[in-house]
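Student: Handing you this structure, nothing more for now.
The values are calculated or read from the model by the stated rules, or taken from the named source; none is laboratory data. In this text, all values refer to a predicted model and were calculated from it rather than measured experimentally. Cβ atoms come from the backbone with ideal geometry, glycine included; neighbour counts cover every protein chain shown.
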Amino acid sequence: MIKQIKSSEIKKFIDSNPNTVLLDVRTEEEWNTVGRPDTKDLGIESYFITISQDSSFLENVKKNIDKKKQVLVMCAAGGRSIVAANLLANEGYNTLNVSDGFSGNGQDPGWKNFELPSIIDN
């Protein structure tokens with residue numbers, strides 16, 4: 001079972017787990033129009049790899065993210081990221097799902113609305 005974390009808990013989690021990275025699995029269009037997390041001020045790296053039906057998603061993750069890292073997986077509202085987190089857990093990654101995603105899930109505000117650092121490329 002994949003552990004869940006809300007955006008409101010991320011700063012505290014990273015402070016206690018500095019060997020963490022953020023993986024955003026949304027589409028390039030979403031990153032460019034809605035925004036993307038900016039994790040520099042949080043002291044962690046972020047990766048932007050769109051989840052796909054083919055094997056390229058796992059291949060790209062394996063090329064870029066060390067299995068020794070704790071991986072926070074994020075999408076828009078938590079649906080795609082739980083799928084990605086499960087795929088990665090099956091490959092030996094230690095994952096947590098950001099349950100309210102970047103934009104919020106109707107219950108919790110999400111990264112962007114919780115006012116965590118973000119960038120919009122327009």
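Student: Given the options 40, 6, name the one that is buried (at least 18 other Cβ atoms within 10 Å of the Cβ) and closer than 24 Å to residue 109 by Cα.
Tutor: The match here is 6.
Student: Looking at 76, 85, which one is touching a strand residue (DSSP E or B) at 6+ places or on another chain (Cβ under 6 Å) and either of a type in the set (Gly, Ala, Ser) or surrounded by 15 or more Cβ atoms within 10 Å (Cβ to Cβ) (or both)?
Tutor: After ruling out the rest, the residue left standing is 85.
Student: Can you tell me which residue among 59, 30 is of a type in the set (Asp, Glu) and within 14 Å of the chain's Cα centre (by Cα)?
Tutor: Unique residue meeting the criteria: 30.
Student: Just name the residue that is farthest from residue 98 (Cα to Cα) out of those in segment 16-52 that are modelled with pLDDT under 95 and basic (Lys, Arg).
Tutor: Within segment 16-52, the match that is farthest from residue 98 (Cα to Cα) is 40.
Student: Continuing with the same structure: For segment 100-117, give me the residue count where each residue is surrounded by fewer than 22 Cβ atoms within 10 Å (Cβ to Cβ), within 20 Å of residue 31 (Cβ to Cβ) and small (Gly, Ala, Ser).
Tutor: 2
Student: Continuing with the same structure: Keeping to segment 67-122, report how many residues are assigned to a loop (DSSP other than H, G, I, E, B) and either of a type in the set (A, V, I, L, M, F, W, C) or without any contact (Cβ under 8 Å) to a residue 24 or more places away in the chain (or both).
Tutor: 9
Student: Please tell me if residue 54 is among the acidic types (Asp, Glu) and either farther than 18 Å from residue 20 by Cβ or in a strand (DSSP E or B) (or both).
Tutor: So residue 54 fits the description; yes.
Student: Take segment 1-27 and flag every residue that is more than 18 Å from residue 117 (Cα to Cα) and either part of a loop (DSSP other than H, G, I, E, B) or acidic (Asp, Glu) (or both).
Tutor: 1, 2, 17, 19, 27
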